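Peer 1: Submitted below is the structure of interest, expressed as C-alpha cells.
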Amino acid sequence: MARRMSVAIGAAVPDLARWGLSSDADLIYRTLVTMGARNAHGLAVELGLPARRVEDALAELRAVGAAAGDRSVWAPRPPAEVVEALRRRRLRPADRDAQVRTHHAVVRRMAGRHGVAALGGELGDGVRYLPTRELTRRRLAELMAAERVEHLAINTEQSFDAASARAAAPLSRQIIERGVRMRVLGLPPADRDLHVDTTVLDHPFLGYREAPEMPMKLLVIDRRQVLFPADPADLERGYLEISQPGVVRALVTLFEQHWAQATDPREHGMPHITLDDRERELVSLLALGYTDLSAAARMRISTRLVTKIMRNLMDRLGVENRFQLGMVLGAARQTPMPPATCEENR
C-alpha cells in the first residue's frame with residue numbers, strides 16, 4: 001500500500017522556540033511558511049499531531065502575531081515581520097529601563113567608593129575610563145591575551161556591527177583553544193541563530209545561554225577586571241574598566257544569578273543535524289519526487305534499507321513522521337531542493 005507524504009524544504013524562518021514559543025508552534029509556523037495557508041484539520045493530518053495540540057499552537061502564533069486565521073484557514077505573517085515583532089517584545093521600554101538602573105547602581109557604588117559624583121574626572125585606583133570603542137577593543141585584546149582562567153560576558157545586543165564581530169570572533173577562539181573557560185549570556189538574536197562562533201559552540205570550554213532579559217552589558221576577565229559601557233544608551237562613549245575587588249565580586253555575582261536562570265538555546269531550538277553521504281543522497285532523491293523503490297534502485301540499496309535510514313533519521317531528530325522530518329531537514333538547510341511529494345511504499 002502506498003500513502004502520500006511530503007518532503008518539504010523549510011523556508012528561511014525564525015526559530016520561534018528560541019523566542020519562547022512551544023516546539024509545536026515553531027513546527028506549525030514553518031509548515032505554514034513553507035507549504036502555504038492551511039486549516040487546523042489539515043495541519044493535524046499532515047503533521048501527525050492531535051487536534052488539541054494544533055489548536056493550542058495556532059493560538060500561540062495568533063498571540064504573538066505570527067499567524068492569522070480561524071478554523072477555515074490559517075496564513076503566516078512574513079518571517080521578517082515576525083522577527084521584528086518578537087524583537088520589539090524583547091526590547092520593551094521597561095527592559096531597557098531596568099538595564100539603565102542596573103548600570104547606574106554599579107556606577108553609584110563605584111563612585112561612592114572613590115569619592116566622585118560622576119564620570120569624567122580622576123576616578124582613583126582600580127578604575128579606568130576608556131573613552132572610545134576602538135580604545136576599548138584594543139584594551140580588551142590586551143586583557144584577553146593575558147587571560148588564563150575564565151572569561152564571562154553578557155551581551156545586551158540582538159545583532160552586532162561588522163567591526164565588533166570581526167574583533168570578537170578570533171579573540172574568543174584563541175582563548176578557548178588556550179584553555180580559558182568562557183561563558184556567554186545573551187538575548188535571543190534577531191538576525192541569526194547564535195551570537196557565538198558556531199565552529200566552537202560544542203567546545204567543552206565554551207558555555208552559551210540565553211534569556212529574555214539581560215541586566216547590563218558586561219565583560220569579566222579572570223574575575224579580576226570588568227569592563228562595561230560608560231553609557232548603556234551610547235556605546236560610542238566608551239567603557240569603564242574596573243579592577244576594584246568589591247565591584248568585581250558584585251558583578252560576578254550578578255552574572256552567576258542570570259546564568260543560573262538562562263537556558264542553552266540548543267535545548268529548545270532546531271537540533272544540530274549532520275547527515276552522512278548516504279543519508280544526504282536519499283533525502284535529496286525523495287525531495288526530487290523519487291519513491292522509496294526508485295530511490296533504492298538509484299542508490300543500489302534495498303527498500304528495506306531505505307526504510308531503516310528514514311526511521312533512524314526520524315528517531316535521531318525526534319519527529320513522528322516523514323512530513324515532520326522534511327520540515328526539520330529543510331529548516332536546517334540539509335536538502336537543497338524545493339518542496340515535492342513522493343510515495344512511501346509499504
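Peer 1: Give me the number: length gained by fully extending Ala68 to Ala211, i.e. 0.36 nm times residue separation minus the C-alpha to C-alpha distance, one decimal in nm.
Peer 2: Computed gain between Ala68 and Ala211 is 48.8 nm.
Peer 1: Taking only protein heavy atoms and a 1.4 Å probe, what accessible area per residue, in Å², does the range 274-316 have with all protein chains in place?
Peer 2: For the range 274-316, the solvent-accessible area averages 59 Å² per residue.
Peer 1: Summing Lys, Arg as +1 and Asp, Glu as -1, what charge do residues with Cβ under 12 Å from the Cβ of Arg53 carry, Arg53 excluded?
Peer 2: -4
Peer 1: If you don't mind, there's one more thing I want to ask. What FRET efficiency comes out for Asn321 versus Glu157 if R0 is 45 angstrom and r is the Cβ-Cβ distance? Round to the nearest 0.05.
Peer 2: That pair, Asn321 with Glu157, gives E of 0.70.
Peer 1: Zone of Ala37 (label point 7 Å along Cα→Cβ, backbone N under 13 Å): which residues in the range 47-68?
Peer 2: 68
Peer 1: Nearest 0.05, what FRET efficiency do Ser23 and Arg300 give at R0 = 41 Å with Cβ-Cβ as r?
Peer 2: Step by step, r from the Cβ atoms, then E = 0.65.
The values are calculated or read from the model by the stated rules, or taken from the named source; none is laboratory data. Since the model is a prediction, treat every value here as computed from it, not as a measurement. A quick note on method: Cβ atoms are made from the backbone with ideal geometry, for glycine too, and the neighbour counts reach across all protein chains shown. For accessibility, only protein heavy atoms count, side chains too; no ligands or nucleic acids. Shrake-Rupley method; radii C 1.70, N 1.55, O 1.52, S 1.80 Å.
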